[in-house]
Amino acid sequence: NAGVMQNPRHLVRRRGQEARLRCSPMKGHSHVYWYRQLPEEGLKFMVYLQKENIIDESGMPKERFSAEFPKEGPSILRIQQVVRGDSAAYFCASSGQGANEQYFGPGTRLTVT
Amino acid sequence: GNSVTQMEGPVTLSEEAFLTINCTYTATGYPSLFWYVQYPGEGLQLLLKATKADDKGSNKGFEATYRKETTSFHLEKGSVQVSDSAVYFCALSGIQGAQKLVFGQGTRLTINP
């Protein structure tokens with residue numbers, strides 16, 4: 001039973017480019033969460049999605065960031081026009097219906113040069 | 001709002017020493033409480049959890065008890081090993097299922113042989 005999968009594991013982008021991060025939840029899980037971890041800090045919630053719906057985006061920056069979880073395929077976190085301050089590790093987690101345990105993927109480490 | 005405060009690190013101990021990492025929380029209602037562990041270069045792994053007052057979560061020799069009166073969830077282990085070296089995060093989630101996690105800042109633990 002595969003766990004949460006994220007790709008790519010490492011992503012390098014120049015300032016102004018777009019970054020697309022992908023997350024496939026655990027089999028049977030319909031809830032996806034994205035978190036950001038800045039160097040030497042804890043994880044900060046960004047967005048919570050169910051299939052085709054954004055449930056809570058209270059942690060998402062107002063500009064340049066968007067997320068989706070389509071009916072088919074992985075969840076995507078998209079960052080447009082990246083800046084150096086976007087450099088961080090982005091983690092995806094998933095949970096089952098009605099469950100409060102979240103299972104994390106290995107993360108995508110984004111470096112903006 | 002909900003928040004989690006953890007004992008500041010880094011913490012360095014010798015093998016077989018007793019470990020305590022303090023965690024206190026502020027929350028409305030009765031949150032679920034978690035400890036996650038992050039090994040270098042990896043995502044977070046759920047270590048243990050407790051969902052109501054006086055519950056004790058335990059796993060791999062680690063324990064934590066949900067103390068409502070002191071709003072605490074301290075992590076303990078009687079005899080640490082070198083392989084326990086990692087960053088430990090205390091977290092809470094809302095009283096309903098499938099809610100975002102609020103994390104403490106993390107405590108880096110190093111165990112010397």
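The values are calculated or read from the model by the stated rules, or taken from the named source; none is laboratory data. As the structure is a computational prediction, the values presented were derived from the model and not from experiment. A quick note on method: Cβ atoms are made from the backbone with ideal geometry, for glycine too, and the neighbour counts reach across all protein chains shown. Calculation scope for accessible area: heavy atoms of the full protein, side chains included, ligands and nucleic acids excluded. Shrake-Rupley method; radii C 1.70, N 1.55, O 1.52, S 1.80 Å.
Within the stretch B:69-88, identify whether any single residue is outside any loop (DSSP other than H, G, I, E, B), closer than 15 Å to B:Thr5 by Cα, within 10 Å of another protein chain (Cβ to nearest Cβ) and of a type in the set (A, V, I, L, M, F, W, C), and answer yes or no. Checked against the condition, which is being outside any loop (DSSP other than H, G, I, E, B), closer than 15 Å to B:Thr5 by Cα, within 10 Å of another protein chain (Cβ to nearest Cβ) and of a type in the set (A, V, I, L, M, F, W, C), the stretch B:69-88 yields at least one hit.
Among the residues of the stretch A:71-89, the one identified as acidic (Asp, Glu) and surrounded by fewer than 13 Cβ atoms within 10 Å (Cβ to Cβ) is A:Glu72. Within the stretch A:20-59, the set of residues being of a type in the set (Ser, Thr, Tyr) and either open to solvent by 80 Å² or more (accessible area, probe 1.4 Å) or not in a strand (DSSP E or B) (or both) comprises A:Ser30, A:Ser58. Looking across the stretch A:68-88, just one residue is in contact with a Ser or Thr (Cβ under 7 Å, 6 or more places away or on another chain) and among the small types (Gly, Ala, Ser), and that is A:Ser87. Collect the residues in the stretch A:89-104 that are under 16 Å from the mean Cα position of the chain (by Cα) and either over 14 Å from A:Met46 (Cβ atoms) or more than 14 Å from chain B (Cβ to nearest Cβ) (or both), keeping them in residue-number order. Residues satisfying the conditions are A:Ser94, A:Ser95, A:Tyr103. Looking at (1) part of a loop (DSSP other than H, G, I, E, B); (2) surrounded by 20 or more Cβ atoms within 10 Å (Cβ to Cβ), find the lone condition where A:Lys62 falls short. Condition (2) is where A:Lys62 drops out.
Residues that are facing chain A (nearest Cβ under 8 Å) and touching a Leu at 6+ places or on another chain (Cβ under 7 Å) were ranked within the stretch B:35-55; the one that is most open to solvent (accessible area, probe 1.4 Å) is B:Lys49.
When B:Glu15, B:Glu8 are screened for being more than 11 Å from chain A (Cβ to nearest Cβ), at pLDDT below 95 and either under 25 Å from B:Ile111 (Cα atoms) or crowded, with 16+ Cβ neighbours inside 10 Å (or both), only B:Glu8 passes. Filtering the stretch A:1-19 to residues that are surrounded by 13 or more Cβ atoms within 10 Å (Cβ to Cβ) and more than 11 Å from chain B (Cβ to nearest Cβ) leaves A:Asn7, A:Pro8, A:Leu11, A:Val12, A:Arg13, A:Gln17, A:Ala19. Considering (1) among the hydroxyl-bearing types (Ser, Thr, Tyr); (2) open to solvent by 30 Å² or more (accessible area, probe 1.4 Å); (3) at pLDDT 95 or above, the lone condition that B:Thr28 does not fulfil carries the number (3). Scanning the stretch A:70-88 for residues that are in a loop (DSSP other than H, G, I, E, B) and either within 13 Å of chain B (Cβ to nearest Cβ) or among the aliphatic types (A, V, I, L, M) (or both) yields A:Val82, A:Val83. Residues in the stretch A:90-111 that are open to solvent by less than 10 Å² (accessible area, probe 1.4 Å) and assigned to a strand (DSSP E or B): A:Tyr90, A:Phe91, A:Cys92, A:Ala93, A:Ser94, A:Ser95, A:Thr108, A:Leu110. For the stretch A:50-74, filtered to residues that are basic (Lys, Arg) and closer than 26 Å to A:Gly85 by Cα, the residue that is nearest to the chain's Cα centre (by Cα) is A:Arg64.
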